[in-house]
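Working notes for the structure below.
The values are calculated or read from the model by the stated rules, or taken from the named source; none is laboratory data. For clarity, every value in this text was computed on a predicted model and none was experimentally measured. All Cβ positions, even for glycine, are placed from backbone atoms using ideal geometry, and neighbour counts span all protein chains on display. Protein only, heavy atoms only, side chains kept; ligands, DNA and RNA dropped before computing areas. Shrake-Rupley method; radii C 1.70, N 1.55, O 1.52, S 1.80 Å.
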Amino acid sequence: MLIFEFGKKTLTLTHFISTDTLELSTISDILFYNKKLELSDQAISKINNCRNYLDAKMLGQDEPIYGINTGFGSLYNVKISKENLTQLQENLVMSHACGIGERVPNDIVKLMILLKIQSLSYGHSGVQLETVLRLVDFYNHDILPIVYTQGSLGASGDLAPLAHLSLPLIGKGEVYFEGKVVPSQEVLARFKWQPVNLLSKEGLALLNGTQFMSAYGVHLLLKAYKLSYLADFIGSISLDAFDGRIEPFDALVHLVRPHNGQLKTAERIREFLDGSELIAQKKQHVQDPYSFRCMPQVHGATKDTLAFVHKTIKTEINSVTDNPNVFIEEDKIISGGNFHGQPLALALDYLKIAMAELGNISERRIYQLISGLRGLPAFLVNNPGLNSGFMIPQYTAASIVSANKQLATPASIDSIVSSNGQEDHVSMGANAATQAYTLIYNVERVLAIELLNASQAIAFRKPVKSSPIIEAFLKSYTSEVPFVVQDAVFHDLIVKSIDFIDGFAIDNDLLFD
């Protein structure tokens, strides 16, 4: 069943950072309930033990260890003296803060902080406890560094975005706090905090990592699951409004081609339409167009893609992605490549393609509904001609899905050489992430237009009713977006429809089922 909830619940809860698997559903709850973060005793111990090991190691260490007492990137062979190690870390953060373009949305910046805290708490990064606790403070007080969308190649970690995320730790850069952008120094002074004095390796631990791509991935995957559910529900309303047939959703059809997503979509549509007078009435037609009949196959393939992306992102957010990695028990410090974003780049590109298809098939249902077929008036309005009705919202949807086809072009097929040839293959996962953001919010707009059309179309079927769940949903929807009697400013109606979808909460058990 659908859960009718608007806005956020007020509930004071704490999430403890630990080595327990961080599930997508857990993050959903952290965000929904606005939970505070706290380091578990286990996390504190791991952070302290790793830092103590690194400090002891450096006391008798004259040999160069990448990122600890050397330069970075193609300057890896330049050894840095012990007295300059703190300056080295601050120089790294400042010099790599080269982001540009639009600001990263605050919700995603907050996720970046959460995921960076999680990654640093496994005890393989060598950071001091003070640094992680300051990040926890930033999260809990909604002190959100200003980060920019452009600048990451998605390879040596998300260097530029994570540099901007880290600047406020050392009293530099800007933050969004209490509704405005202010210099980080002002906020530190307000809380009587001193800038963190970064120790050896800390700058690299903060800047190496995939938290920009991962934060976008988490945010967009949560959004995608919601839109996937709503695509099934709104598609069911459209099917009933179009006087469609229920037979293509019979379980027998899908059990002989048992893709998980296909089975789930057919099951949901059967449940949504259970008890509908419209779906049960005698039909004058033998078949429906593919955009209705093949919802299980098309929507289902997207669900199966979400399952793959979910697996990839879940692995990533429960991983150590900075470099080098510190292994206390094995007495090793190893420079590897866990910062490379290729797994995320491929997953985000796949997510783009799959979600674009939900928009494509939705737009086709919109077109069918306005075409004057099966007893519906042309353009879903009385007095067509005098009224243009729902003609142009379909244009808008068509424009959006065409733009999405361009955005869905894989970013990960590209690469470019950087750092004087040392970093000679990059993932471009950050570009995939920002493209996916635009694309998935575009899909929400298309589904909102379909809902606007489907609600209008089904009103012409009265007094015959749809299912109880659809009737209850539409009663709530039409209180915000009423039946269109004559031409109105459709932009306003589309915005209201988008806002209705955006404010609609669905229980985790239904989202991730």
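Key figures
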{"item": "Over the chain - Rg/Rh using Cα atoms and the Kirkwood inverse-distance radius", "result": "1.05"}
{"item": "Efficiency of FRET from Cβ geometry, Asp499 and Thr409, R₀ 41 Å, rounded to 0.05", "result": "0.85"}
{"item": "Computed magnitude of the charge dipole of the range 371-483 (debye, nearest 20; Cβ of K, R +1, Cβ of D, E -1)", "result": "800"}
{"item": "Burial order of peptide ranges 181-192, 145-156 (average beta-carbon count within 10 Å, highest first)", "result": "145-156, 181-192"}
{"item": "Folded to 0 to 90 degrees: helix 391-407 orientation relative to the chain principal axis, Cα", "result": "30"}
{"item": "Thr315-Leu386 FRET efficiency (beta carbon distance; Förster radius 56 Å; 0.05 resolution)", "result": "0.45"}
{"item": "Gain upon complete extension [Ala378, His425; 0.36 nm per residue less C-alpha separation]", "result": "11.5 nm"}
{"item": "Scattering curve values for the range 360-418, log₁₀ I(q)/I(0), Debye with Cα scatterers, q = 0.23 Å⁻¹", "result": "-0.90"}
{"item": "Potential lengthening between Ser371 and Ser476 on full extension [0.36 nm per residue; Cα-Cα distance subtracted]", "result": "35.1 nm"}
{"item": "Protein accessible area in the chain, 1.4 Å probe - carbon and sulfur %", "result": "53"}
{"item": "Helix-derived mean residue ellipticity, 222 nm - over the chain, DSSP H n ≥ 4, -39500 (n - 2.57), to 500", "result": "-17000 deg cm²/dmol"}
{"item": "Partner lysines for Lys192 [C-alpha distance under 18 Å; skip if fewer than 8 residues away on the same chain]", "result": "Lys172"}
{"item": "Using a Förster distance of 45 Å, the FRET efficiency for Phe308-Glu329 (Cβ separation, nearest 0.05)", "result": "0.85"}
{"item": "Projected area averaged over orientations for the range 213-371, convex hull of C-alpha atoms, nm²", "result": "11.9"}
{"item": "Full-stretch length increase - Asp41, Cys98 - with 0.36 nm per residue and alpha-carbon distance subtracted", "result": "16.9 nm"}
{"item": "Stokes-Einstein D in µm²/s, Kirkwood radius over Cα pairs - the range 99-186 at 37 °C with 0.692 mPa s viscosity", "result": "249"}
{"item": "Rg over Rh, two decimals, the range 415-513 (C-alpha only, Kirkwood Rh)", "result": "1.23"}
{"item": "Magnitude of the charge dipole, the chain, Cβ model with Lys/Arg +1 and Asp/Glu -1, debye to 20", "result": "880"}
{"item": "Longest to shortest principal axis, alpha-carbon extents of the range 119-165, angstrom", "result": "29, 27, 11"}
